[in-house]
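First up is the structure itself, then whatever we jot down about it.
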Amino acid sequence: MTNRKRIKELILPYIVSIIAIILTLIPIYWLLITSLKKKKDSFTRPPKFIFEPTFENFIKVWNNDFYAQTIFNSLLITLIGIIISIFIALLCAYGLKRYKIKFKSAFMKWLLVAYMLPEFLFVLPMYSIYQSLGIYDTHFGLALMYQVHVLPFSIWMLRSFFDEIPSEIDDAALIDGCRPLTTLFKIYVPIVIPGIVATSVLNAIWMWNELAIAIGLTFSEAHPVTLGISQFRGYASIDWGGMTASSVIALVPLILFSLFAQKHIVKGLTLGSVKA
Amino acid sequence: MSRHIGYLFIAPAFIILFFTSIYPVAFSFYFSFFDWNWGNQENFIGLDNYLFLLTDPEFWTVIYNTFVFASVSCFLEVTIGIILAIFVDRIVFCSTIIRTILILPLMVSGIIVSMISKIMFNNLFGVIPYGLKQIDIRSSFFGSTEAAMPTLIGVDVWWQTSFVFIIILAALQGIPNDTVEAAKIDGASEWDITRFIRLPLIKPIIFLVIIFRSIDTLKIFDLVWGITGGGPGISTEVVQTYSYRMAFGFLEMSKSMTVMVIFSMVVFTLILIYSKFEGKSDE
């Protein structure tokens, strides 16, 4: 192999990566600078790259009661959703690991199907069921419906973390006279705390970004932040400042948060099939 | 007692999943045989909804749009994602930072991606149409029936290629070193190793990624709802936005449920294929 060819082989990956990085960052960069533009600076031809930045869009969005409320709603919904899913998934993952369950593989297939079927198959009937139960347009109702997605996901994730715990620990605990629930919460849970955190973060990202289920099951009281952002998208008037500033507010904490789960993202995305 | 205690641990998950999945699916299926439109009354009409939809050209256009969107986006995302992963896999210096940046799009919600697209592709003030005009290309993007779908696909490719990329990269990095070293000693070039050793080794993962992406693209909702709302005309209407419009716009509840029942069978078939593969890899 000639020297020139070697250098080419070494440099090419960097060139490709740099192009990919630029293409990835341009839209995010454009979102950011549009949110910092005054109205007169956003609607110009040619589009302005240099302008006097302002925070007025953020102040305006933050003072928009409806938007601020949707942020609060999403926080609450995400929190309820995480508590329900983690607690129930811990029990379930422990049961699946520790005991002989008939129809175990059928149960796992059911999880997969529930996780993957299209949202509106559930949302349409739930719209009517929720109204008769009185949980339509409530935080709890939305967090409950999110379980169709986050609960199977959490069970998979926690199960794969539990699988790394040797079963001798169970036997030792049994000999010490630990009851099953004690074993789960006193022995298993402390070991898999990193797994629980990663699962919660990935669940939170999903619930924070969810739209289809929220559109069907909320009216105004429990609107999450995705619908809070979309209200700036009005058909008649275009409010670019509002659209971008509200997006940035919703996005920044999420990106920072996701850095915590970096290591587990691949495992999460493939339901534990691929380890990184 | 102790023989059945395992079921107690699973019971809460069972109950919640029953309520959030089996119950609504049964409800949808049942009402697909009625003519319910939010009123107090519904009549049993047998297979009329199914026959109506299967003979309705609009329904077939929607199905066609959905499959065009899903197959083209899936193909592009998988191809670009794999190529990108192969290159990044070779990078030693700065690889963590590169990876962190390249998966950023996955953190951005569909609705935010919609907002960005609406702004960047805006016909009057958008930066992309303006840039193209400088090199004498007239563009319409979301404004015309011909260009709207390709643009939408382009946006999805920006958004979800990272998904393929990050998984394939992890798979490539998980390949044991000794296999590759052996080939290197035999004098194989990097490209040969990639083509004849690495890619065949991660074939199952590539298959898994294709299934995941095809299910996800078939289910597309937020991008379409957020950017075009199905327009112009019905040129970008996909199954889930169609079903949404039918149920909440035209109040055709039963017909909308029928759409979802028919469509879910397609998705269900894909899930079955996946779970068969999943079962095999466990052995």
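Computed from the coordinates by the stated procedures, all read-outs in this text should not be read as laboratory data. Because the structure is a prediction, the values reported are computed rather than measured. Positions of Cβ are generated from backbone atoms using ideal geometry, with glycine treated the same way; all protein chains shown enter the neighbour counts.
Couple of notes before you dig in:
- Looking only at the stretch B:156-196, and only at residues there that are outside any helix (DSSP H, G or I) and among the hydrophobic types (A, V, I, L, M, F, W, C), the one that is nearest to B:PHE207 (Cα to Cα): B:ILE175
- A:PRO47 being buried (at least 18 other Cβ atoms within 10 Å of the Cβ), touching a Gly at 6+ places or on another chain (Cβ under 8 Å), free of Cβ contacts under 8 Å to residues at least 12 places away in the same chain and closer than 23 Å to A:ASP239 by Cβ: yes
- Looking across the stretch B:245-262, the residues that are at the interface with chain A (Cβ under 9 Å from one of its Cβ atoms) and buried (at least 24 other Cβ atoms within 10 Å of the Cβ) come down to B:ALA247, B:MET253, B:SER256, B:MET257, B:VAL259, B:MET260.
- Among the residues of the stretch A:98-107, those that are surrounded by fewer than 18 Cβ atoms within 10 Å (Cβ to Cβ) and either in contact (Cβ under 8 Å) with a residue 60 or more places away in the chain or more than 8 Å from chain B (Cβ to nearest Cβ) (or both) comprise A:LYS102, A:PHE103, A:LYS104, A:ALA106.
- All positions within the stretch A:116-140 that are out of contact with any Phe, Trp or Tyr (no Cβ under 6 Å at 6 or more places or on another chain) and more than 9 Å from chain B (Cβ to nearest Cβ): A:GLN131, A:SER132, A:LEU133, A:GLY134, A:ILE135, A:THR138, A:HIS139, A:PHE140
- Taking the numbered list (1) closer than 30 Å to B:ALA26 by Cβ; (2) in contact (Cβ under 8 Å) with a residue 60 or more places away in the chain in turn, A:THR70 passes all entries but (1).
- Some residue of the stretch A:58-76 being surrounded by 19 or more Cβ atoms within 10 Å (Cβ to Cβ) and among the aromatic types (Phe, Trp, Tyr): yes
- Test result for B:THR217, farther than 21 Å from B:ILE80 by Cα and either aliphatic (A, V, I, L, M) or surrounded by 19 or more Cβ atoms within 10 Å (Cβ to Cβ) (or both): no
- B:ILE116 vs. criteria part of a helix (DSSP H, G or I), within 8 Å of another protein chain (Cβ to nearest Cβ), touching a helix residue (DSSP H, G or I) at 6+ places or on another chain (Cβ under 8 Å) and crowded, with 16+ Cβ neighbours inside 10 Å: yes
- Where helices (runs of 4 or more DSSP H) sit wholly within the stretch A:149-238, none has at least 3 residues that are touching a strand residue (DSSP E or B) at 6+ places or on another chain (Cβ under 6 Å) and among the aromatic types (Phe, Trp, Tyr).
- So B:PHE87, is it more than 12 Å from chain A (Cβ to nearest Cβ) and under 25 Å from the mean Cα position of the chain (by Cα): no
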